[in-house]
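The values are calculated or read from the model by the stated rules, or taken from the named source; none is laboratory data. All values derive from a computational prediction rather than experimental measurement. We place every Cβ from the backbone using ideal geometry, glycine too, and count neighbours over all the protein chains shown.
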Amino acid sequence: MFKKVIAVVLTLVLAVSFAAPALAASQEARVVIGADNTESQISDVYNYFGIKRGDVTELQVTNSEERQYLEGLVPDQKIGNVALSCVYIEPNDGGGIELEVNNINYVTEKMYTAALSTAGISDAKVKVTAYKPVSGTGALAGIYKAYEDMTGTVLSELAKDTAAEELVVTGELQEALGDVSIDIINDLKGKLKETKNMTDDQIIELIKETADKYEVTLTDDQIQQILALVKKFNELNLDPDTFLNLFQAKQGVENFFTSVGDFFKSIGDFFVNLFGGGN
């Protein structure tokens with residue numbers, strides 16, 4: 001009986017290990033380096049990515065390219081005058097968007113994920129970093145550039161602009177409301193079939209109802225910001241099911257690993273009791 005239990009545990013350990021493979025260098029992967037990094041800083045970035053320089057195609061993004069999407073939307077001090085954010089991206093066929101950020105103190109993983117899905121990026125593993133803490137707003141331009149080069153896909157300029165605006169709006173809302181702001185925007189993105197045929201007043205009512213659902217009160221300015229964003233979503237003819245599937249899948253993965261953690265805790269308790277450690 002004891003040997004059978006050990007065999008089952010080892011099998012499950014191996015299964016979970018293979019369910020989360022390490023990020024490996026790929027012929028299809030891309031690295032985008034902020035143009036104003038020094039050689040030493042670039043070396044630090046590659047160390048964080050866990051690959052050697054030259055293993056994958058390297059691109060460069062400039063501050064002017066970052067400004068193309070963000071100028072007029074983001075306070076100038078958040079964009080800055082230099083490009084320091086760096087990106088590693090590789091395909092994630094059918095796996096959705098997986099994000100990891102380091103030294104990014106303004107844009108969160110959820111904000112990046114939401115913006116990338118709006119821009120038309122649905123299956124990619126992405127790491128964003130800088131040699132020192134930065135806002136991370138400029139990394140969006142780097143991700144666009146890497147994804148287009150990696151896949152040969154030309155993303156819609158309207159979609160990229162809308163995604164940049166979404167990043168800004170959710171960032172400002174998050175500073176005031178916390179993570180719930182991203183939930184509100186994602187909730188509304190899942191209702192685009194309805195909002196497409198709504199008047200501005202009807203969309204405003206839906207925004208208020210959605211905010212009530214998350215137990216927050218929005219100011220008039222915040223409502224107008226969200227209204228403008230929803231109207232841009234409507235222009236893109238986005239499929240709301242894409243967003244629902246993306247975030248439900250992400251939640252499903254999180255729930256799976258929570259369950260795995262609970263399982264191994266119960267296994268640990270079993271062995272404690274088996275060997276008398278619970279006395």
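Here are the numbers for this structure:
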quantity: Set THR118, THR113: member being out of contact with any helix residue (DSSP H, G or I) (no Cβ under 6 Å at 6 or more places or on another chain), modelled with pLDDT under 95, assigned by TED's automatic domain parsing to the domain that holds VAL32 and not in a loop (DSSP other than H, G, I, E, B); calculated: THR113
quantity: In segment 37-46, the residues that are over 21 Å from the mean Cα position of the chain (by Cα) and either surrounded by 14 or more Cβ atoms within 10 Å (Cβ to Cβ) or not in a loop (DSSP other than H, G, I, E, B) (or both); calculated: ASN37, GLU39, SER40, GLN41, ILE42, SER43, ASP44
quantity: Any pair with Cβ under 6 angstrom, 6 or more apart, that starts in segment 29-49 at a residue that is in the same structural domain as ALA130 (by TED's automatic domain parsing) and ends at one that is surrounded by fewer than 15 Cβ atoms within 10 Å (Cβ to Cβ) and of a type in the set (Ser, Thr, Tyr); calculated: ARG30/THR57
quantity: Segment 124-138 - residue that is modelled with pLDDT under 90 and of a type outside the set (S, T, N, Q) and, of those, nearest to the chain's Cα centre (by Cα); calculated: GLY136
quantity: Residue within segment 69-83 that is within 17 Å of TYR144 (Cβ to Cβ), under 22 Å from the mean Cα position of the chain (by Cα) and at pLDDT 90 or above present; calculated: yes
quantity: Among the residues listed as TYR112, TYR147, the single one being of a type in the set (Ser, Thr, Tyr), within 13 Å of the chain's Cα centre (by Cα) and surrounded by 21 or more Cβ atoms within 10 Å (Cβ to Cβ); calculated: TYR112
quantity: Failed condition for ALA141, given (1) of a type in the set (A, V, I, L, M, F, W, C); (2) over 14 Å from LYS160 (Cβ atoms); (3) over 13 Å from the mean Cα position of the chain (by Cα); calculated: (2)
quantity: Hits in segment 184-205 - residues which are in a helix (DSSP H, G or I) and free of Cβ contacts under 8 Å to residues at least 24 places away in the same chain; calculated: GLU194, ASP201, GLN202, ILE204, GLU205
quantity: Filtered residues of segment 196-216 (kept if at pLDDT below 95 and either among the polar types (S, T, N, Q) or in contact with a strand residue (DSSP E or B) (Cβ under 6 Å, 6 or more places away or on another chain) (or both)); calculated: ASN197
quantity: Tally, over segment 150-179, of residues that are farther than 20 Å from GLU71 by Cβ, hydrophobic (A, V, I, L, M, F, W, C) and surrounded by 15 or more Cβ atoms within 10 Å (Cβ to Cβ); calculated: 3
quantity: Residue in segment 47-68 that is farther than 14 Å from GLY142 by Cβ, at pLDDT below 90 and surrounded by 11 or more Cβ atoms within 10 Å (Cβ to Cβ) present; calculated: no
quantity: Filter pass, LYS132 being over 15 Å from ALA164 (Cβ atoms), outside any strand (DSSP E or B) and touching a residue at least 24 places away in the same chain (Cβ under 8 Å); calculated: yes
